[in-house]
1. Take the residues in the stretch 108-124 that are at pLDDT 80 or above and touching a helix residue (DSSP H, G or I) at 6+ places or on another chain (Cβ under 7 Å), then tell me which one is surrounded by the fewest Cβ atoms within 10 Å (Cβ to Cβ).
2. If you take the residues of the stretch 48-68 that are more than 20 Å from residue 124 (Cβ to Cβ) and at pLDDT below 80, which of them is nearest to the chain's Cα centre (by Cα)?
3. At pLDDT 75 or above and closer than 12 Å to residue 68 by Cα: is that true of residue 10 in this structure?
4. Restricting attention to the stretch 4-15, report how many residues are in a strand (DSSP E or B) and more than 13 Å from residue 109 (Cβ to Cβ).
5. For residue 28, work out the one condition from (1) surrounded by fewer than 17 Cβ atoms within 10 Å (Cβ to Cβ); (2) at pLDDT 85 or above it doesn't fulfil.
6. Considering (1) surrounded by 12 or more Cβ atoms within 10 Å (Cβ to Cβ); (2) more than 15 Å from residue 13 (Cα to Cα); (3) at pLDDT 75 or above, say which one residue 98 fails and leave the rest.
7. Check 71, 37, 45, 19 and return the single one that is under 21 Å from residue 109 (Cα atoms), touching a helix residue (DSSP H, G or I) at 6+ places or on another chain (Cβ under 8 Å) and at pLDDT 85 or above.
C-alpha cells in the first residue's frame, strides 16, 4: 500500500533519485484506501544527483519539496478491458511543477508509462516517455 512515509524511485532526469511521500492527494474518488497510479503525492527528495558541469537547467536537490505523480506501483494496475492486473517491481514517480500540475519538472522519462494516464490528463507524460504499455 502506498501511503505517507513510502519511498519511491524517480523515473525522470530531474536529478532526484529517491523521494519520500509526506502527503497523499487523491485525484480519483475511490472507496479503497491508499494511492494508485495517476494520484498526486507531495514528496521530499532524500537522495539526488546534480552534475557539476551542467549549470543552465534547474535540478532537484536534497530536501526540496515537489509534487509527484505515481507512474508505476508494486500494488498493481487493473485493466478492465482485458481483466488483467499489471504488477511492477518498484514504485516509480515523476516530479511535476507546482504551478502547472500536468507538466513534468524534467525533460525525459526513462520508464514505461501506462496508457491510463492519458485519461487522467497526463498526456505530456506519455509524450516524454520511452515506452507506453
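1. Residue satisfying both the conditions and the ranking: 108.
2. Result: 50.
3. Yes; evaluated as a whole, the condition is true for this residue.
4. Total satisfying the criteria: 2.
5. Unmet for residue 28, out of (1) surrounded by fewer than 17 Cβ atoms within 10 Å (Cβ to Cβ); (2) at pLDDT 85 or above: (2).
6. (1)
7. 71
The values are calculated or read from the model by the stated rules, or taken from the named source; none is laboratory data. Predicted model only: the values in this text are computed from it and were never measured. So basically every Cβ, Gly included, is an ideal-geometry build from the backbone, and we count neighbours across all protein chains shown.
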